[in-house]
Every structure is written in C-alpha cells, then in structure tokens.
Amino acid sequence: MKYTLKNKDIELTDDEVKEIVKQNQVKEKKVLGIAIMGRRGDIIFQSTKTTLKEVVVEGKANLRGADLCGADLCGANLSGANLRDANLYGANLRDANLRDANLYGANLRDANLYGAELQNAKFYGRGGTQKLTKAQLPDFLNALGFQVEE
C-alpha cells in the first residue's frame with residue numbers, strides 16, 4: 001500500500017503497517033500513567049491516573065511494601081489499605097483516612113499524620129514488635145493527636 005509521509009510517497013506492506021501501529025501503542029502505554037514501586041524496585045501497582053495520590057487511592061487495597069517516600073497523600077482515603085512494610089518516610093498524610101489500615105512494619109519516620117483518621121489502624125502484629133522508649137512516647141502520642149500534659 002502507498003502512504004504519504006512528509007510529502008513523500010512510501011510503500012508499506014500490511015505487516016509493516018501493523019508493526020508500526022503496535023510499536024506506537026507500546027510507546028503510548030509506557031508514557032501514560034504512574035507506577036508504584038516496591039522497596040526492591042519492582043512494580044507493585046500500575047495505573048493510568050495522573051497523580052500519585054490518585055494512584056495510591058486507586059490501588060489502596062494492597063500497597064504492601066510500596067515505596068511512597070515523600071508522597072503527598074494529604075486527605076487521601078486509604079481506609080482499609082494494606083500498607084504493611086511500606087516506606088512512608090516523610091510522606092504527607094495530613095487529614096488522610098487510615099481507618100482500619102494495616103501499617104505493620106511501615107516506615108512512618110518524619111511522616112505528617114496531623115489530623116489523620118487512625119481508628120483501628122494496625123501498627124503492629126500480635127504482641128507487638130516495635131520498641132518505643134519513654135523519651136519517644138510524647139512525640140508518638142502527639143503524632144496520634146494527643147496532647148501530653150505534665
């Protein structure tokens with residue numbers, strides 16, 4: 001078949017046209033969307049959404065081991081999400097709904113939990129494994145919304 005490309009006539013077989021179309025579709029799929037990577041560099045969730053917040057909310061059912069370091073998840077609805085072993089270092093979870101979320105083993109260092117809904121959120125397994133010193137207790141309670149009085 002004959003085609004005109006940039007004012008030049010070229011001739012392509014049907015198989016060549018199909019291959020060009022296929023390559024363009026693959027390129028489009030690679031460009032669109034956002035992937036959430038695991039701590040080992042593997043893709044644990046892929047989406048066509050345009051913001052990380054939308055992707056996290058869409059994939060909230062299982063984000064185990066997700067690397068969400070520094071993510072802006074302000075106000076995100078993550079109720080019931082499996083964030084076990086997720087890296088949420090420095091993440092903005094302000095006013096996020098983490099009700100019934102599994103946060104066992106999650107890295108919440110420097111995460112902003114101000115106003116976050118944490119009812120029934122699970123931070124530890126049976127019997128607990130995370131150590132908390134007496135000196136860390138006031139900061140921990142403040143992060144949960146409690147004011148420590150002397």
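What value does the chain have for Rg/Rh, both radii from Cα atoms and Rh as Kirkwood defines it?
Values: Rg = 22.8 Å, Rh = 18.0 Å.
My calculation puts Rg/Rh at 1.27.
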Problem set entry | Other-chain or far-sequence residues with amide H under 5 Å of residue 67's (modelled H) | 37, 38, 39, 87
Problem set entry | When each of 22/49; 60/122; 22/60 is checked by Cα-Cα distance, pairs over 27 Å | 22/60
For this session: Could you list which residues have their amide H under 5 Å from that of residue 45, counting only those 5 or more apart in sequence or on another chain, with H placed in the peptide plane?
Result: 36
Exercise. Picking from 117, 58, 19, which is most flexible by a Gaussian network model of the chain using Cα springs under 10 Å?
Worked result: 19
Exercise. If you build a Gaussian network model of the chain, linking Cα atoms that sit under 10 Å apart, which residue out of 22, 122, 60 swings the most?
Worked result: 22
Seminar exercise, completed: Cβ-Cβ cut-off under 10 Å around residue 112, Lys and Arg +1, Asp and Glu -1: the net charge is -2
Exercise. In degrees between 0 and 90, to the nearest 10, how far off the longest principal axis of the chain does helix 14-31 point, with axes built from Cα atoms?
Worked result: 20 degrees
Seminar exercise, completed: Rounded to 0.05, the calculated FRET efficiency for the beta carbons of residue 137 and residue 22 at R₀ = 35 Å is 0.05
Exercise. Mind listing the phi-derived Karplus ³J(HN,Hα) values for the stretch 98-108, rounded to whole Hz, using 6.51, -1.76 and 1.60 with θ = phi - 60°, and x for any glycine or proline?
Worked result: 10, 4, 6, 6, 9, 10, 4, x, 6, 8, 10
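Here, each number is a calculation from the coordinates, and none is a lab measurement. The structure displayed is predicted, hence computed values, not measured ones. With ideal geometry, Cβ positions are generated from the backbone for all residues, glycine too; neighbour counts draw on all protein chains shown.
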